[in-house]
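J.: There's a structure below that I have some questions on.
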Amino acid sequence: MNRIFLIGYMGSGKTTIGKVLADTLGYTFVDMDTHIEAKEFKSVSQIFAELGEEKFRLLEQKCLYEVSQFENVVIATGGGAPCFFDNMDYMNEHGLTVYIKLMVEQLAERLEHSRANKRPLLADRKGDELRAFIAEGLAKRELFYNQAQLSAIGSDEQILMQICKFVATK
Ligand code: S3P
């Protein structure tokens, strides 16, 4: 299968790992948020603020259908993408799905220093509030993330190796 979907919570490294993975495999790399922003001429935060989350989820699903036509591609999905509509089933039918699995503490550490306005759902949550928000969200989202064909854990390098090994068996 020549299409790989990277899924996982915000800040798990889907974009960073996805770019290296695509280079390694000689595939192209697509980031769904960037794709949506280019089509809509608006940032994700602007879409959330002006049109609302519900509309964003519809645009995200439309984007998923579009990028699922691409060949030889690594796709970094938005953190919420697998958790709406039947998107997770759709991805499993259209490619290899990989959950980049980080612990709450690791995610909190990374997201603490990320630009809040880039991720509207995080608003300006910090410290314990941020950690609690991630823990609660992740518990719900893992029902979907755990449907991925591979769960990869460890450092970015270890995750990359696990994905390459997995892809080689397909
Ligand atoms: C979201 C994750 C974001 C982006 C939007 C909503 C989410 O993508 O799609 O802000 O619901 O988890 P990243 O996972 O790339 O941050």
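The values are calculated or read from the model by the stated rules, or taken from the named source; none is laboratory data. Owing to the predicted nature of the structure, the values given are computational and were not obtained by experimental measurement. Because the Cβ atoms are built from the backbone with ideal geometry, glycine has one as well, and the counts that use them run over all protein chains shown. Side chains are part of the model used for accessible areas, which takes the heavy atoms of the whole protein and leaves out ligands, DNA and RNA. Shrake-Rupley method; radii C 1.70, N 1.55, O 1.52, S 1.80 Å.
J.: Quick check on Phe85: is it on the phi > 0 side of the Ramachandran plot, open to solvent by 10 Å² or more (accessible area, probe 1.4 Å) and free of Cβ contacts under 8 Å to residues at least 60 places away in the same chain?
T.: Here the answer is yes, as Phe85 does meet what is asked.
J.: Sticking with this structure for a sec: Only helices (runs of 4 or more DSSP H) wholly contained in the range 28-85 count here; list those with 3 or more residues that are among the basic types (Lys, Arg).
T.: 53-67
J.: Quick check: anything in the range 55-64 open to solvent by 80 Å² or more (accessible area, probe 1.4 Å), away from the ligand (no atom under 16 Å from the Cβ) and not β-branched (Val, Ile, Thr)? Show your work before the answer.
T.: Kept after step one, since they are open to solvent by 80 Å² or more (accessible area, probe 1.4 Å), are these residues of the range 55-64: 55, 58, 62.
With the extra rule that they be away from the ligand (no atom under 16 Å from the Cβ), the set shrinks to none.
Looking through the range 55-64, none of the residues is open to solvent by 80 Å² or more (accessible area, probe 1.4 Å), away from the ligand (no atom under 16 Å from the Cβ) and not β-branched (Val, Ile, Thr).
J.: Now for a different question. Yes or no: Val104 of a type in the set (Val, Ile, Thr), within 15 Å of the ligand (Cβ to nearest atom), under 14 Å from the mean Cα position of the chain (by Cα) and closer than 28 Å to Glu157 by Cα?
T.: no
J.: Which condition number in (1) open to solvent by 10 Å² or more (accessible area, probe 1.4 Å); (2) modelled with pLDDT of 95 or more; (3) within 11 Å of the ligand (Cβ to nearest atom); (4) within 23 Å of Phe29 (Cα to Cα) is the one that Ala76 fails?
T.: Result: Ala76 passes all but (1).
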